[in-house]
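Working notes, beginning with the structure itself.
The values are calculated or read from the model by the stated rules, or taken from the named source; none is laboratory data. Remember, predicted model here, so these are calculated numbers, not experimental data. Neighbour counts run over all protein chains shown; Cβ positions are idealised from the backbone, glycine included. Each accessible area value is taken on the protein alone, full model and side chains, heavy atoms only, with ligands, DNA and RNA left out. Shrake-Rupley method; radii C 1.70, N 1.55, O 1.52, S 1.80 Å.
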Amino acid sequence: MRNKYTGKTFIIEILAIILGLIFLVPFYYVIANSLKPFAEILTNTSALPSAFQWQNYVTAFERMDYLRVFKNSLMITVASNLVIVVFCSMGAYMLVRTKTKFSNFIFLLFVAAMVIPFQSIMIPLVKAASSFGLMNSIWGLVVMYLGFGSGLAIFLYHGFIKGIPVELEEAAIIDGCSTFGVFWRIVFPLLKPITVTIIILNSLWIWNDFLLPLLVLQDPSLRTIPLATFFFFGQYTKQWDLALAALMLSIIPLLIFFFSMQKHIIKGITSGSIK
């Protein structure tokens, strides 16, 4: 039995390694071709670079005005995460603790909004944004991300808050704490695992989002990294060498963020399963 179990485990590990390598193939193509001249990319995309063309990164950095678009993407991502966490955590708390049919109906509306395709509402969204003066504005884009991200955030917070004992809040109220104080001093610190999970999910989505910034941010000075990368593709020419280098420049900050938050991801999943 022991040998049979060991053999089965070995096969599973081999299959997992093969599957992992398959998922890494696209990254190989991006990295390898970002270090080639344009002509070499057209000749053989799967081969390693004959000589590392680091100038691609320098040119892409300058052409896309990387520091400016990085600042725009960072500002949008951080501000959107901040408003989503603050408003959705408070909203989910009130929906959980206010046990009425109306609160259940509101929660179902947020959950139902998660299944609406963005493409079906983007034209009315642009018209509404123009009416409220939200076009060509980073803060207008943040408001839209709050609307689109609130469904998932409230759904996750709602399920997590139900596992927090009400007795903790009642004890704080007896000690003279207000409802606002109970949430921020007692409840919100306990939401750290799910808050980190929500921030990670939203950061991956907002940082890589292309369509919504394309619709809202018409001013070139407000471009995000995905928009700046897109402009390496013209009507008649496609600068694959610079575009792939720009893509790597956009991925690097996300990789650093993901690996730095990896322990919190595992902790959040573990805490969620215990809840």
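Taking 0.36 nm per residue of separation and subtracting the current Cα-Cα distance, fully stretching the chain between Ile116 and Val25 would add 29.5 nm.
Gyration tensor over the Cα atoms of the chain: the corresponding equivalent ellipsoid has semi-axes (square roots of 5 times the eigenvalues, largest first) of 40, 29, 16 Å.
With all protein chains in place and ligands, DNA and RNA left out, the 1.4 Å accessible area ranks Met248, Met114 as Met114, Met248, largest first. On the basis of the beta-carbon distance and an R0 of 45 Å, Trp139 and Glu170 show a calculated FRET efficiency of 0.70.
Run the helix sum for the chain: -39,500 (n - 2.57) per DSSP H stretch of 4+ residues, divided by residue count, reported at 222 nm to the nearest 500 deg cm²/dmol.
About -24000 deg cm²/dmol.
Other residues with beta-carbon under 12 Å from the beta-carbon of Leu222 carry, at +1 per Lys or Arg and -1 per Asp or Glu, a net charge of +1. With protein chains left intact and a 1.4 Å probe, residues in the chain average 60 Å² of accessible area per residue.
Excluding same-chain neighbours fewer than eight residues apart, the aspartates and glutamates reachable from Lys192 by a Cα-Cα span under 19 Å are Glu169.
Full-extension gain between Ile106 and Trp205, please, as 0.36 nm times their residue separation minus the C-alpha to C-alpha distance.
33.2 nm
To put it simply, the accessible area of the stretch 1-93 at a 1.4 Å probe is 74 percent carbon and sulfur. I'd like the distance between the alpha-carbon centres of the stretch 245-259 and the stretch 39-100, rounded to an integer number of Å. Value for the Cα centre distance between the two parts: 7 Å.
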